[in-house]
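Below are the structure tokens for one structure; questions will follow.
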Amino acid sequence: MKKTVLKVNIHCQKCKKEVLKAVTKLTGINQVTIDGEKETLTVVGDVDPVLITEAVRKIGKVAEIVSVGPPKPPEPKSPVKNPLPPWCYDYCQLVPVSHAHAPYDSAPCSIL
């Protein structure tokens, strides 16, 4: 698999559509990207760069190969950490505790 970047004269939305239509007919393409501002066509897949250039030139566009090389490897996903539960400062209430000493109560404290 390789990444091919071509310089193509793309001036409007119609030009983009025509180039996409011509290039996507080729077999072995995984991804096609057009940057209208930079006037570049990027094709990722197992397709000959000369075939891409010929397909673009058949529709009357000027195309020249800028670069051919391996595609960028996908960015490794960072493992998702389990978030800690939020502190409950706003929702928790203090509970008063008192010590009661009664002769019939065996427990030394009680919660009111």
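With label points built 7 Å along Cα→Cβ from the Cα atoms of Thr40 and Thr27, find their separation and express it in nm.
3.0
In whole Hz, with x marking every Gly and Pro, tabulate ³J(HN,Hα) for segment 55-60 from phi via Karplus 6.51 cos²θ - 1.76 cosθ + 1.60, θ = phi - 60°.
5, 6, 5, 5, 8, x
Within the set of other residues whose C-beta is less than 14 Å from the C-beta of Glu64, count the net charge using Lys and Arg as +1 and Asp and Glu as -1.
Counting the neighbours of Glu64, the net charge comes to +2.
Given 0.36 nm per residue, what is the gain on full extension from Leu20 to Met1 after removing their alpha carbon distance, in nm?
4.9 nm
If you don't mind, there's one more thing I want to ask. Computed FRET efficiency, Cβ-Cβ of Glu54 and Lys77, R0 41 Å: what is it to the nearest 0.05? Working shown, then result.
Numbers: r = 38 Å, r/R0 = 0.93.
Efficiency computed from Cβ-Cβ geometry: 0.60.
Here's another thing I want to ask about it. Multiplying the sequence separation of Cys12 and Ile65 by 0.36 nm and subtracting their Cα-Cα distance, what value in nm do you get?
Separation in residues times 0.36 nm, less the Cα-Cα distance, equals 17.0 nm.
Going down the table (Lys17/Lys77; Lys21/Lys77; Lys25/Lys77; Lys14/Lys72; Lys14/Lys77; Lys14/Lys58), which pairs top 26 Å between alpha carbons?
With Cα atoms farther than 26 Å apart: Lys17/Lys77; Lys21/Lys77; Lys25/Lys77; Lys14/Lys72; Lys14/Lys77.
Show the residues, 5+ positions off or on another chain, whose built amide H is closer than 5 Å to the amide H of Val47.
Those lying under 5 Å, H to H, from Val47 are Lys2.
Just so you know, all these numbers are worked out from the coordinates, no wet-lab data involved. As the structure is a prediction and not an experimental result, all values here were calculated from the model. Every residue, glycine among them, receives a Cβ derived from its backbone with ideal geometry; neighbour counts consider all protein chains shown.
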